[in-house]
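Supplied in structure tokens, the structure appears directly below.
The values are calculated or read from the model by the stated rules, or taken from the named source; none is laboratory data. These figures come from a predicted structure and were not determined experimentally. Cβ atoms come from the backbone with ideal geometry, glycine included; neighbour counts cover every protein chain shown.
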Amino acid sequence: MSDVPAWYTRAIETPKQEGTIEVAGVPIHYLEWGDRAKPGIVFVHGGSAHARWWSHLAPMFIERYHPVAIDMSGHGDSGRRPDYAFDVWAEEIMAVCGATGIDDPPVLVGHSMGGLISIVTAALHGDRLRGAIIVDSPVTEPDPEREEAVRGRAFRNPKTYADLETAMKHFRLVPTQPPGPPYVMDYIARHSLHEVEGGWTWKFDPNIFPRLKPAAIHEFLAGIETRVALFRGELSHLVTPDVSDYMHELLGRNAPVVAIPEAYHHLIIDQPLAFVSALRAILADWEHSIPRKR
């Protein structure tokens, strides 16, 4: 594609390593970039997504950090479980931190359901984290992917397509919003699919949401004692100002709330550079400031 910007090409072509570690009997796949001697930053994808949703963003932090992106169980190139739970996903994150040589407390960055997983991880393992950035993850209602799945509108009974190109044409963002740039959408779609008998189908486990154990995410959020920042898309229909205000209250109004301009729910796709700039600013502040006690 002739209109692919240079920054995107540089990010995608940045050398990375892949690895797999077994957690509670299931192989968990991850990607990592840069120098393991630098502070860790761990990117956590949303529901039915995968680690490569971060491939155009994570490399933009290698100057100061050691970025890692994880495929949660039931997603991407990781294995599947008979059922799913937020605390087990939290264990997967901490295990990957160990496997990638992250000795000092890392920062978590979680989008959508990945933000909810990051909330639970920060509540359960806050003493082993430097902070958590929660990206357009609504806490006062079911997470957007699960709501779609329960209503039968998305992710159930994934189809098998005759070839990869046909399958890629059926990739769409959930919940619905304007699509991102074609080069980003095509890359994510391509890595969302795998070949099976009879053609190509989606990698995610369609049983994730029906078999996901419920969790009181608002209680986990209120119980976090490490640093937290809340990001939202200014045009998001999920994390509205009222929702972010509620989350801010649960945090004792002791966390920055950042609205990314002209961004929808999938702001890491539709406004990637604004997201990177905002995240870099938060991280720079956290490097030089002392966290306030709640």
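Going by the conditions given, is residue 80 closer than 27 Å to residue 206 by Cα, under 16 Å from the mean Cα position of the chain (by Cα) and basic (Lys, Arg)?
Answer is no for this residue.
Mind checking whether some residue in region 199-213 is closer than 21 Å to residue 263 by Cβ, of a type outside the set (D, E, K, R) and buried (at least 19 other Cβ atoms within 10 Å of the Cβ)?
First, the residues of region 199-213 that are closer than 21 Å to residue 263 by Cβ: none.
No - not one qualifying residue is present in region 199-213.
Another one. Does region 89-101 contain at least one residue that is touching a Lys or Arg at 6+ places or on another chain (Cβ under 6 Å), within 19 Å of residue 71 (Cβ to Cβ) and either at pLDDT 95 or above or surrounded by 23 or more Cβ atoms within 10 Å (Cβ to Cβ) (or both)?
Step one: of region 89-101, the residues touching a Lys or Arg at 6+ places or on another chain (Cβ under 6 Å) are 101.
Subsequent filtering for residues that are within 19 Å of residue 71 (Cβ to Cβ) retains 101.
Subset that is either at pLDDT 95 or above or surrounded by 23 or more Cβ atoms within 10 Å (Cβ to Cβ) (or both): 101.
Checking region 89-101: at least one residue is touching a Lys or Arg at 6+ places or on another chain (Cβ under 6 Å), within 19 Å of residue 71 (Cβ to Cβ) and either at pLDDT 95 or above or surrounded by 23 or more Cβ atoms within 10 Å (Cβ to Cβ) (or both).
Which one is farthest from the chain's Cα centre (by Cα), of the residues in region 16-44 that are part of a loop (DSSP other than H, G, I, E, B) and closer than 26 Å to residue 287 by Cα?
Residue satisfying both the conditions and the ranking: 37.
Pick from 188, 208: which is aliphatic (A, V, I, L, M) and touching a Gly at 6+ places or on another chain (Cβ under 7 Å)?
Step by step, each of 188, 208 is checked, and only 208 is aliphatic (A, V, I, L, M) and touching a Gly at 6+ places or on another chain (Cβ under 7 Å).
Look through region 232-268, keep the residues that are of a type in the set (Val, Ile, Thr) and out of contact with any His (no Cβ under 7 Å at 6 or more places or on another chain), and return whichever of them is surrounded by the fewest Cβ atoms within 10 Å (Cβ to Cβ).
Among those that are of a type in the set (Val, Ile, Thr) and out of contact with any His (no Cβ under 7 Å at 6 or more places or on another chain), it is 240.
If you don't mind, there's one more thing I want to ask. For residue 144, work out the one condition from (1) at pLDDT 90 or above; (2) within 30 Å of residue 286 (Cα to Cα) it doesn't fulfil.
Unmet for residue 144, out of (1) at pLDDT 90 or above; (2) within 30 Å of residue 286 (Cα to Cα): (1).
Return the total of residues in region 69-85 being acidic (Asp, Glu) and either touching a residue at least 60 places away in the same chain (Cβ under 8 Å) or outside any loop (DSSP other than H, G, I, E, B) (or both). Can you show your working first?
First, the residues of region 69-85 that are acidic (Asp, Glu): 71, 77, 83.
Next, from what is left, pick out any that are either touching a residue at least 60 places away in the same chain (Cβ under 8 Å) or outside any loop (DSSP other than H, G, I, E, B) (or both): 77, 83.
Looking only at that region, the number is 2.
If a residue counts only when it is under 19 Å from the mean Cα position of the chain (by Cα) and touching a residue at least 24 places away in the same chain (Cβ under 8 Å), which strands (runs of 3 or more DSSP E) contained entirely in region 191-294 have at least 2 such residues?
Those strands (runs of 3 or more DSSP E) span 228-233, 257-260.
Tally the residues that are touching a strand residue (DSSP E or B) at 6+ places or on another chain (Cβ under 6 Å) and crowded, with 24+ Cβ neighbours inside 10 Å, restricting the search to region 221-231. Spell out the reasoning first.
Filtering region 221-231 for residues touching a strand residue (DSSP E or B) at 6+ places or on another chain (Cβ under 6 Å) gives 226-231.
The next check asks that each one be crowded, with 24+ Cβ neighbours inside 10 Å; those that pass are 228, 230-231.
The total comes to 3.
Tell me whether region 45-54 contains one or more residues that are in a loop (DSSP other than H, G, I, E, B), touching a residue at least 40 places away in the same chain (Cβ under 8 Å), out of contact with any Asp or Glu (no Cβ under 8 Å at 6 or more places or on another chain) and closer than 17 Å to residue 267 by Cα.
yes
If you take the residues in region 11-54 that are under 18 Å from residue 186 (Cα atoms), crowded, with 24+ Cβ neighbours inside 10 Å and touching a helix residue (DSSP H, G or I) at 6+ places or on another chain (Cβ under 7 Å), which one is modelled with the lowest pLDDT?
Ranking the qualifying residues of region 11-54, first place goes to 48.
What is the residue count in region 105-135 for residues that are in a helix (DSSP H, G or I) and touching a helix residue (DSSP H, G or I) at 6+ places or on another chain (Cβ under 7 Å)?
Keep residues of region 105-135 that are in a helix (DSSP H, G or I), which gives 113-128.
Cutting the leftovers down to touching a helix residue (DSSP H, G or I) at 6+ places or on another chain (Cβ under 7 Å) gives us 113, 116-117, 119-121, 123-125, 128.
Selection size over region 105-135: 10.
Being modelled with pLDDT of 95 or more and hydroxyl-bearing (Ser, Thr, Tyr) is the filter; apply it to region 167-198 and report the residue that is surrounded by the fewest Cβ atoms within 10 Å (Cβ to Cβ).
183
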